[in-house]
There are 2 protein chains.
Amino acid sequence: MRPTPRQQVRRSKERARYETAAIHAVLDAGFLAHVGFSIEGQPFVIPMLYARDGEEVLLHGSIASRLMRGLAEGIPACLSVSHVDGLVLARSHFHHSVNYRSVVCFGTARSVDDPAEKAAALARFVDAILPGRAAESRPSDRNELAATLLLRFVIEDASAKVREGGPRDDPADLGTDYWAGVVPLQTRYAAAVSADDCTLPLPPSVVRVCPEAR
Amino acid sequence: MRPTPRQQVRRSKERARYETAAIHAVLDAGFLAHVGFSIEGQPFVIPMLYARDGEEVLLHGSIASRLMRGLAEGIPACLSVSHVDGLVLARSHFHHSVNYRSVVCFGTARSVDDPAEKAAALARFVDAILPGRAAESRPSDRNELAATLLLRFVIEDASAKVREGGPRDDPADLGTDYWAGVVPLQTRYAAAVSADDCTLPLPPSVVRVCPEAR
């Protein structure tokens, strides 16, 4: 597929990816997006939890949120997800960088009003944060569904950008006394902390990611 | 200080912070921002490295970037930084959440053309990624400075939002068989990887964050 003008990566083209699988892989590796749109000429970039559902991205918020209601009107929006994988320490300031995976999606959102679809989507959000967790907690009731604004962000086009590997130094800087390399960054779970009023054992979803409790 | 309308946090007001120290603390804890602006009605949200400099935020990119040049024209922009600190697993789907620290800054950017100021700013970027690293690598030369577009994003107003602590469950859900608690998320450095063509020992900036090499 040929990229459309707004999605086309112009800088560092060798890092660009347009295949659906590459875009989905970056989306599926996270649960926090930064969603941008303008209201009355003022741009907003709001951090939001998300869950991918096929070619769409689910977003949710309170029915009382003016920004969510604005988004729901179908204004042009941009959804961005980034993961930083390491520090790239080059011999020159100029070539310092980070290793990362990011996607930028262009599209519009529409609200979902069907209660069954909303309930299913909220369960997807819970599983997007921690796989298997939805089955271990109470599904939303009618009042909770009514208080939730659920949006389907339809991806019209998107691009991913990936940088990996070591520093790309200028030939003239090789062999100098400056160390160069990568410091990988890892995100990991620490020991789970039970709620003060909870004496139950850790559930399977938690044990899978952090067996150690405290 | 009374928040202005665009910065005022309307949802979950108890999580909002407007003090400068709180906003700076969130900015200083990271180096990746999501910057949003509109060009010809199309919103863009672009991940960018940043470094705070007093009340301003430094951004940089290639002089050839159309988006950077657009930003440099002083169009309204929004800069957002978020850190996720843990998964909040409640007894109900509805109360699932994450612990986080985020800031949303509104303002405009202007380009910095003075070479000495650009060189100093690029050194700040390197130290923002890893403290002490700028002194361990070659400063930018004249060609590198000319190829770099450096922006000062002036924060006109900003707000921070912080969620911490355990799940806030409905009273009716307490005492059910659903486990509730928090799974903290930690970002840490893994063992540094020297560049293929580098046999020097790890420098102090790297040893400070990851003593173990591989």
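The values are calculated or read from the model by the stated rules, or taken from the named source; none is laboratory data. Nothing here was measured: the structure is a model prediction, and the numbers come from that model. Backbone-built Cβ (ideal geometry, glycine too); neighbour counts: all protein chains shown. The area values use the complete protein model at the heavy-atom level, side chains included, leaving out ligands, DNA and RNA. Shrake-Rupley method; radii C 1.70, N 1.55, O 1.52, S 1.80 Å.
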Practice task
Kindly list, by first and then second residue, each pair from a residue in segment A:148-172 that is within 10 Å of chain B (Cβ to nearest Cβ) to a residue that is open to solvent by 30 Å² or more (accessible area, probe 1.4 Å) and among the hydrophobic types (A, V, I, L, M, F, W, C), limited to pairs with Cβ atoms under 7 Å and residues at least 6 apart or on different chains.
Solution key: A:T148/A:I63
Exercise for the section: Please tell me if A:A160 is outside any strand (DSSP E or B) and within 21 Å of the chain's Cα centre (by Cα). Expected result: no
Exercise for the section: For B:L150, state whether it is assigned to a helix (DSSP H, G or I), in contact with a helix residue (DSSP H, G or I) (Cβ under 7 Å, 6 or more places away or on another chain) and open to solvent by less than 40 Å² (accessible area, probe 1.4 Å). Expected result: no
Completion exercise
Checked B:D157, B:D169, B:D127 against criteria (within 28 Å of B:R17 (Cβ to Cβ) and surrounded by 21 or more Cβ atoms within 10 Å (Cβ to Cβ)); the one match is B:D169
Practice task
Go through segment A:177-205 and count every residue that is part of a loop (DSSP other than H, G, I, E, B), hydroxyl-bearing (S, T, Y) and at the interface with another protein chain (Cβ under 7 Å from one of its Cβ atoms).
Solution key: 1
Handout entry: In segment A:14-52, the residues that are of a type outside the set (A, V, I, L, M) and open to solvent by 40 Å² or more (accessible area, probe 1.4 Å)
Key = A:E14, A:R15, A:R17, A:Y18, A:E19, A:T20, A:D28, A:E40, A:G41, A:R52
Exercise for the section: Identify all residues within segment A:71-99 that are open to solvent by 10 Å² or more (accessible area, probe 1.4 Å), more than 7 Å from every other protein chain (Cβ to nearest Cβ) and either within 23 Å of B:Q42 (Cβ to Cβ) or touching a His at 6+ places or on another chain (Cβ under 9 Å) (or both); write none if there are none. Expected result: A:A72, A:E73, A:G74, A:I75
Exercise for the section: State all residues of segment A:107-124 that are surrounded by 21 or more Cβ atoms within 10 Å (Cβ to Cβ) and within 7 Å of another protein chain (Cβ to nearest Cβ); if no residue qualifies, say none. Expected result: A:L122
